1. Where the second residue is in a loop (DSSP other than H, G, I, E, B) and crowded, with 16+ Cβ neighbours inside 10 Å and the first is on the phi > 0 side of the Ramachandran plot and without any contact (Cβ under 8 Å) to a residue 24 or more places away in the chain and lies in the range 57-79, which pairs have Cβ atoms under 6 Å and are six or more apart or on separate chains?
2. Of everything in the range 106-117, what is loosely packed, with under 13 Cβ neighbours inside 10 Å and either closer than 17 Å to residue 177 by Cβ or modelled with pLDDT of 95 or more (or both)? Give them in sequence order.
3. Under the condition of being part of a strand (DSSP E or B) and touching a strand residue (DSSP E or B) at 6+ places or on another chain (Cβ under 6 Å), which residue from the range 83-97 is farthest from residue 168 (Cα to Cα)?
4. Looking at (1) surrounded by 13 or more Cβ atoms within 10 Å (Cβ to Cβ); (2) over 26 Å from residue 165 (Cβ atoms); (3) at pLDDT below 90, which is the one condition that is false for residue 92?
5. For residue 103, only one of the following conditions fails: (1) at pLDDT 95 or above; (2) within 24 Å of residue 164 (Cβ to Cβ). What is its number?
6. Could you grab me the full set of residues in the range 120-130 that are out of contact with any helix residue (DSSP H, G or I) (no Cβ under 6 Å at 6 or more places or on another chain), surrounded by fewer than 22 Cβ atoms within 10 Å (Cβ to Cβ) and either touching a residue at least 24 places away in the same chain (Cβ under 8 Å) or not in a loop (DSSP other than H, G, I, E, B) (or both)?
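The values are calculated or read from the model by the stated rules, or taken from the named source; none is laboratory data. This structure is a prediction, so every number in the text was calculated from the model and none was measured. Cβ placement follows ideal geometry from the backbone for every residue including glycine, while neighbour counts extend to all protein chains displayed.
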């Protein structure tokens with residue numbers, strides 16, 4: 001019994017000496033750092049697809065035409081895509097198109113912290129719509145729709161190819177929201 005107490009005492013003394021001698025370096029507190037993402041200044045080209053509308057797109061995006069006058073704008077460096085869909089306005093379907101676009105946005109309230117709306121009214125070019133900024137870990141961070149109220153309806157959504165983490169993708173979200181605003185501001189209808 002005495003031998004085991006002596007052995008434990010020696011181990012305790014060795015542990016204390018080891019702890020004292022191994023902590024020779026001074027502790028330096030480092031400031032919290034955050035990832036800094038910077039993107040090129042956006043330059044735009046007018047896209048004239050074989051559809052009843054045209055708009056300006058960022059040169060960093062790659063346009064992929066889809067059936068039914070839909071368009072995907074892929075941003076490979078950000079692993080993001082803006083999906084555009086086109087629907088002709090027919091007698092009686094405008095209300096349904098507007099309800100569907102709004103419902104699609106507000107289905108994200110489960111994960112969204114907040115949703116901001118910015119109306120778009122351009123009576124000269126007959127472009128009316130809504131831009132939604134969705135903050136939080138929702139599947140999409142921006143959605144919009146524009147229409148001339150008579151013939152054309154375009155809806156768009158921004159999605160990233162990763163699990164939503166709003167804090168991590170925020171710089172890309174801000175950049176792409178500016179691109180979406182540019183689409184809304186430059187969309188023109190063809191006769």
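1. Final answer for the pair search is 69/51.
2. At the first step, the residues of the range 106-117 found to be loosely packed, with under 13 Cβ neighbours inside 10 Å are 110, 113-114, 116-117.
Scanning the range 106-117 gives 113, 114, 116, 117.
3. Filtering the range 83-97 for residues part of a strand (DSSP E or B) gives 83-88.
From the residues that got through so far, the ones that are touching a strand residue (DSSP E or B) at 6+ places or on another chain (Cβ under 6 Å) too are 83-87.
Numbers: 83: 21, 84: 25, 85: 28, 86: 31, 87: 34 Å.
Filtering the range 83-97 for residues that are part of a strand (DSSP E or B) and touching a strand residue (DSSP E or B) at 6+ places or on another chain (Cβ under 6 Å), the one farthest from residue 168 (Cα to Cα) comes out as 87.
4. The failed condition is (1).
5. (1)
6. Matches in the range 120-130: 121, 122, 125, 126, 128, 130.
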